[in-house]
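The values are calculated or read from the model by the stated rules, or taken from the named source; none is laboratory data. Since we're looking at a predicted model, the values are computed, not measured. A quick note on method: Cβ atoms are made from the backbone with ideal geometry, for glycine too, and the neighbour counts reach across all protein chains shown.
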Amino acid sequence: MTSPMIKLYAFLGNYGSEFSKNRHNVAWQFLETLPFYGELTWTRKFKGLYASREIGGDRIFFVKPETYMNSSGESIIELVRFFRLEPQEVMAIHDELEMPFGAFGFKFSGGLGGHNGLRSMEKHLGTRDFARLRFGIGRPEHPDVAGYVLSDFTQAEREILDTAVFPQAGQAFMECLEQGFESVVDKYKKKICI
């Protein structure tokens, strides 16, 4: 089953300037490149920052949980309950170790890939049946995965994100917003940008 319409886009990351350039915060970095980002008015509520926008007559919500990554679901469930949304109307935007750097892709449901933000969402929503937009960060060659996701992108990686990944993902994201999840889920299952 796929979502008829995404009404809540949850950008997962860690709150605080020391995390802002981390691989784990790629969703927040991507959010800031979206063409309408500057027009959003953010309100601190639901254990995070949220904003809304009218698109095609529907009210669409955006949230940046400020609970830290591992408790993201606490913020998302509050917003879901308040606005009476279904888990299937939620999309998580997040980093993905199992996808190579330079790629992004949409999917619905599936495994959690050891991602604590997704695990928290499943715990609070009671299901893993929600949409995802994944940004590949690749796996490190060393065993310190936690250290890797909390490290900053290199200058070369940042350039690839800014010039290739984010522009292409941004175009796909706008298509999702305007035409629906169905229009992008197969088309951009795994898009390699480099």
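Test G117 against the criterion of being closer than 20 Å to F30 by Cβ, of a type outside the set (A, V, I, L, M, F, W, C) and touching a Pro at 6+ places or on another chain (Cβ under 9 Å), and give yes or no. Outline the logic, then answer.
On the way: closer than 20 Å to F30 by Cβ: yes; of a type outside the set (A, V, I, L, M, F, W, C): yes; touching a Pro at 6+ places or on another chain (Cβ under 9 Å): yes.
So G117 passes the test.
For residues that are out of contact with any helix residue (DSSP H, G or I) (no Cβ under 6 Å at 6 or more places or on another chain) and part of a helix (DSSP H, G or I), scanning just the range 12-22, find the one that is surrounded by the most Cβ atoms within 10 Å (Cβ to Cβ). Spell out how you get there, then give the answer.
Step one: list which residues in the range 12-22 are out of contact with any helix residue (DSSP H, G or I) (no Cβ under 6 Å at 6 or more places or on another chain), which gives 15-18, 20-22.
The next check asks that each one be part of a helix (DSSP H, G or I); those that pass are 17-18.
On the way: S17: 6, E18: 10.
Top of the filtered list is E18.
Does the range 137-149 include one or more residues that are in contact (Cβ under 8 Å) with a residue 60 or more places away in the chain and under 20 Å from K107 (Cα atoms)?
Taking the range 137-149 as the starting set, the residues that turn out to be in contact (Cβ under 8 Å) with a residue 60 or more places away in the chain are 137, 148-149.
After this cut, where a residue has to be under 20 Å from K107 (Cα atoms) as well, the list is 137.
Looking for residues that are in contact (Cβ under 8 Å) with a residue 60 or more places away in the chain and under 20 Å from K107 (Cα atoms), one finds at least one in the range 137-149, hence yes.
Of the residues making up the range 23-41, those that are surrounded by 14 or more Cβ atoms within 10 Å (Cβ to Cβ) and not hydroxyl-bearing (S, T, Y) number 11. Counting the residues of the range 28-55 that are charged (D, E, K, R) and either touching a residue at least 40 places away in the same chain (Cβ under 8 Å) or in contact with a helix residue (DSSP H, G or I) (Cβ under 6 Å, 6 or more places away or on another chain) (or both) gives 1. Restricting to the range 67-76, what's the tally of residues that are touching a Phe, Trp or Tyr at 6+ places or on another chain (Cβ under 7 Å) and either of a type in the set (A, V, I, L, M, F, W, C) or at pLDDT 95 or above (or both)? Total satisfying the criteria: 1. Can you list the helices (runs of 4 or more DSSP H) lying wholly within the range 75-194 that have 1 or more residues being surrounded by 14 or more Cβ atoms within 10 Å (Cβ to Cβ) and among the acidic types (D, E)? Ranges flagged: 116-125, 155-160, 166-179, 182-185. Just one of the listed residues (N70, N25) is closer than 30 Å to P140 by Cα, part of a helix (DSSP H, G or I), touching a residue at least 12 places away in the same chain (Cβ under 8 Å) and in contact with a Ser or Thr (Cβ under 9 Å, 6 or more places away or on another chain), namely N70.
In the range 68-104, which residues are small (G, A, S) and more than 15 Å from K190 (Cβ to Cβ)? Don't jump to the end; show me each part of the working.
Let us first name the residues in the range 68-104 that are small (G, A, S), namely 71-73, 75, 92, 102-103.
Matches in the range 68-104: S71, S72, G73, S75, A92.
How many residues, within the range 1-11, are within 18 Å of R84 (Cβ to Cβ) and surrounded by fewer than 18 Cβ atoms within 10 Å (Cβ to Cβ)? Residues that pass the stated criteria total 2.
Identify the residue in the range 42-66 that is modelled with pLDDT of 95 or more and not in a strand (DSSP E or B) and, among all such residues, is surrounded by the fewest Cβ atoms within 10 Å (Cβ to Cβ). Going through the qualifying residues, I end up with W42.
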